[in-house]
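Here the structure is laid out as C-alpha cells; the discussion comes afterwards.
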Amino acid sequence: MNLKKMAIAALVGSLSLSTVYATAGDALRLGVEGAYPPFSFKQADGTLSGFDIEVALAICEKLQRECKLVEQEWDGMIPALNAQKYDAIVASMSITADRMKRVSFTEKYYANLVRMIAQKGSDLDATAKGLAGKKVGVVRGTTHQCYAEKHLVDSDIRLYNTHEDVYSDLLVGRIDARISDVTDAIGFLKSEEGGRFEFIGDNLEDASCFGEGIGIAVRKGDSLAAEINQAIKAMRADGSYQKISDKYFSVDIYGD
C-alpha cells in the first residue's frame, strides 16, 4: 500500500465495542497523543506529525491495514485502550512492570534517556538534596512522575496534563526544573526560547520507573503485539525506520 494513499482519520465519539482484537484486513486503530514534539504534535492545519505518528503509519503499511489515528490525552491512554477505543498505543510509552499488569507490550521501538532541565546559571544540584524545597514539573501518569515521587520526596512536585504545559511554566519561572526524556528536550533546548535552559546532572536511572525502553501497548493477550514486532523488524531491515528517525533526530535513538 502506498503510504501517501493511506486513509488517516481521527475517530470522534464512541466506537463499536464488538471487536475485542484487531484482525487482518480491519482498519488498525492506533492511540496517539499529539502533544509531545518531536514524537507527536500538530501542524498549523491540525495535521498530526512526528516520529510516533510516522512509525504508526509505517506499521499500518507493513501490515497492509488502513490506519486510523485516535487522539487521546496521556493519562487516559491505557484506560481507553482497555475500553477498546483503539487497538494499540503508539505514544512513546515506557515498558514498565506496573503497566505490564494492565497491558501487553511489543518489543521496544526506541530507547529512552531521562535527565533534568533547569535555567542556565541556576546552579541547581540535580539530586534529592539539591532539589529539596524546589518546584519540579512532570507530566502526570508518566515515568517521570514515578521517579519524582519516589526520589524527590522533599521537592514540590507539580503535575501537568501535557509536556507543553510543563515547558510553559518552566519558561516563566513557575517551576525550577523539569524531568524530561532527552530526545524530547533536545528540540526545546535548541529553540530560541529554550536557549536559556540546559541539562543538569547525569542521566536519571531507576528501572522500576523508567522500564526497559519504549514500546507499543496492546490489550492483554492480543496477538497484535507479535504482528507489530514483525512490522518493526521489517522497518529496521529495509531502512524505513532509520529514514523516519533521521528526520527528527541526529543520534541513534533505537539503542543497542
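The values are calculated or read from the model by the stated rules, or taken from the named source; none is laboratory data. Not measured: the values here are computed from a predicted model. Reconstructed Cβ throughout: ideal geometry from the backbone, glycine too, with neighbour counts over all protein chains shown.
Structure data summary
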| read-out | value |
| --- | --- |
| Hits in the range 150-197 - residues which are outside any helix (DSSP H, G or I), buried (at least 17 other Cβ atoms within 10 Å of the Cβ) and charged (D, E, K, R) | 158, 176, 178, 181 |
| Qualifying positions in the range 210-223 - farther than 23 Å from residue 255 by Cβ and surrounded by fewer than 20 Cβ atoms within 10 Å (Cβ to Cβ) | 220, 221, 222, 223 |
| Near pairs, Cβ below 7 angstrom, 6+ apart or cross-chain, from the range 145-168 (in contact (Cβ under 8 Å) with a residue 12 or more places away in the chain) to any residue that is part of a strand (DSSP E or B) and not hydrophobic (A, V, I, L, M, F, W, C) | 156/135; 158/135; 158/137; 160/137; 163/36; 166/137; 166/160; 166/178 |
| Considering residues of the range 233-249 that are of a type outside the set (Ser, Thr, Tyr) and under 13 Å from residue 52 (Cβ atoms) only, the residue modelled with the lowest pLDDT | 249 |
| Residue list for the range 83-106, restricted to those being touching a strand residue (DSSP E or B) at 6+ places or on another chain (Cβ under 7 Å) and either surrounded by fewer than 15 Cβ atoms within 10 Å (Cβ to Cβ) or at positive phi (or both) | 92 |
| Subset of the range 203-225 [at pLDDT 95 or above and part of a helix (DSSP H, G or I)] | 224, 225 |
| Selection from the range 51-67 of residues that are more than 18 Å from the chain's Cα centre (by Cα) and of a type in the set (D, E, K, R) | 61, 62, 65, 66 |
| Criterion violated by residue 138 - all others in (1) in a strand (DSSP E or B); (2) among the hydrophobic types (A, V, I, L, M, F, W, C); (3) modelled with pLDDT under 95 satisfied | (3) |
| Residue match in the range 51-71 (condition: at pLDDT below 95 and more than 19 Å from residue 242 (Cβ to Cβ)) | no |
| The range 232-253, residues that are surrounded by 13 or more Cβ atoms within 10 Å (Cβ to Cβ) and under 17 Å from the mean Cα position of the chain (by Cα) | 232, 241, 244, 245, 248, 249, 253 |
| Qualifying positions in the range 23-35 - out of contact with any Ser or Thr (no Cβ under 6 Å at 6 or more places or on another chain) and buried (at least 21 other Cβ atoms within 10 Å of the Cβ) | 28, 29, 30, 31 |
| Matching residues in the range 50-71 - criterion: being more than 20 Å from residue 180 (Cα to Cα) and not in a helix (DSSP H, G or I) | 64, 65, 66, 67, 68, 69, 70, 71 |
| Number of positions in the range 139-190 that are farther than 20 Å from residue 113 by Cα and in contact with a His (Cβ under 8 Å, 6 or more places away or on another chain) | 0 |
| Residues of the range 71-107 satisfying the condition of being acidic (Asp, Glu) and under 16 Å from the mean Cα position of the chain (by Cα) | 71, 73, 75, 107 |
| Boolean, residue 228 is among the aliphatic types (A, V, I, L, M), in a helix (DSSP H, G or I) and at pLDDT 95 or above | yes |
| Boolean, residue 207 is under 21 Å from residue 151 (Cβ atoms), surrounded by fewer than 16 Cβ atoms within 10 Å (Cβ to Cβ) and not hydroxyl-bearing (Ser, Thr, Tyr) | yes |
| Filter result for residue 198 (of a type outside the set (Lys, Arg), modelled with pLDDT of 95 or more, within 28 Å of residue 117 (Cβ to Cβ) and not assigned by TED's automatic domain parsing to the domain that holds residue 90) | yes |
